[in-house]
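The values are calculated or read from the model by the stated rules, or taken from the named source; none is laboratory data. Note that the structure is predicted; figures quoted are calculated from it, not measured. No Cβ is skipped: glycine too gets one built from the backbone with ideal geometry, and neighbour counts run over all protein chains shown.
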Amino acid sequence: MTKRQSGLLLVAAAAVVATANATLALLQEYKSGVVWPEPKVVAAGATPGAPPADAVVLFDGKDLSQWKNGENWEVKDGYAITRKSDISTKESFGDCQLHVEFATPAVVKGNGQGRGNSGVYIMERYEVQILDSVDNPTYFDGQCGAMYKQSPPMVNVSRKPGEWQTYDILFEAPVFGDDGKVTKPAFVTVLHNGVVVHNHFELKGSTNFDRPAAYVKHAARMPIRLQFHGDEAMYRNIWVREMAALVGTPPASK
């Protein structure tokens, strides 16, 4: 390369840099003016599915002391087996993230709704169905992963009987006015075995077997209930954490 060619390259490079600087000078960063609080630091679980540091552990495989009627269920080998009655958390929750691990019996008995039937009731009235849904025909809005009697899961990702499964549930509680009417419905997102089966689904009210869904005003925080339907089902590693959106301070009006 000659000296003349080198000089031309340097001039060209300088021109490119000058153009870039001029362009940057014309651009201005957008700033919303909202002053946000710093997000809280939360240590994640040590392994996938393990509770994060801010979770309330509802069942760690040892006992059901966090549950009303917990003594009615059998606890062995790190899991609980449904017996005698439903159980409900002693603590109440509103907007929350809920992790539940469950299994239906390895030995298949019954069919349809009589095979490994149980359910996770958020606020004691909004049910995510648990059922053995492998080669077990039933009504679609009653199979495993359904929002009972309101919507089937988008896909059936059930594992075989006896295999452990997971629900990860994001729940936004309904809001009621003083007159008892709903001002904001409940929404739920459900991941079954890591797969989205409901995406911000709007609940039409409580999930009922014998009547249409309808909202009835209730407290802003309610217990979580696990169902005993007469069938055997197993649970382990249950935890919940409350969700609250960060609220920023908007800029002053001009």
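A few remarks follow.
- Of all residues in segment 104-140, those satisfying the criterion of being in contact with a strand residue (DSSP E or B) (Cβ under 6 Å, 6 or more places away or on another chain) and either farther than 18 Å from M234 by Cα or not hydroxyl-bearing (S, T, Y) (or both) are G119, V120, I122, M123, E124, E127, V128, Q129, I130.
- Once segment 27-62 is narrowed to residues that are β-branched (V, I, T) and exposed (fewer than 10 other Cβ atoms within 10 Å of the Cβ), the residue that is farthest from L246 (Cα to Cα) is T47.
- Among residues of segment 72-95, those that are within 30 Å of V175 (Cα to Cα), touching a strand residue (DSSP E or B) at 6+ places or on another chain (Cβ under 9 Å) and not aromatic (F, W, Y), counted: 9
- Every residue from segment 149-189 that is acidic (D, E) and under 20 Å from Y235 (Cα atoms): E163, D168
- Filtered residue count, segment 71-126, keeping only those that are buried (at least 16 other Cβ atoms within 10 Å of the Cβ), part of a loop (DSSP other than H, G, I, E, B) and of a type in the set (A, V, I, L, M): 2
- Within the option set T183, T166, being modelled with pLDDT of 95 or more, among the hydroxyl-bearing types (S, T, Y) and closer than 19 Å to I130 by Cα holds for one residue only, T166.
- Yes/no for V240 being in contact with a Cys (Cβ under 8 Å, 6 or more places away or on another chain), hydrophobic (A, V, I, L, M, F, W, C) and crowded, with 16+ Cβ neighbours inside 10 Å: yes
- The set of residues in segment 72-88 that are farther than 16 Å from R236 by Cβ and in contact with a Lys or Arg (Cβ under 9 Å, 6 or more places away or on another chain) comprises N72, D86, S88.
- Set V182, V196, V190, V175: member being exposed (fewer than 14 other Cβ atoms within 10 Å of the Cβ) and under 23 Å from the mean Cα position of the chain (by Cα): V175
- Filter pass, Y139 being of a type in the set (F, W, Y) and within 21 Å of the chain's Cα centre (by Cα): no
- Filter result (under 22 Å from G162 (Cβ atoms) and touching a strand residue (DSSP E or B) at 6+ places or on another chain (Cβ under 6 Å)) within segment 50-63: F59, G61
- Pick from segment 100-117, criterion among the polar types (S, T, N, Q) and within 22 Å of the chain's Cα centre (by Cα), ranking: nearest to D231 (Cα to Cα): N117
- Residues that are surrounded by fewer than 23 Cβ atoms within 10 Å (Cβ to Cβ) and either within 17 Å of L203 (Cα to Cα) or aromatic (F, W, Y) (or both) within segment 128-142 comprise Y139, F140, D141, G142, listed in sequence order.
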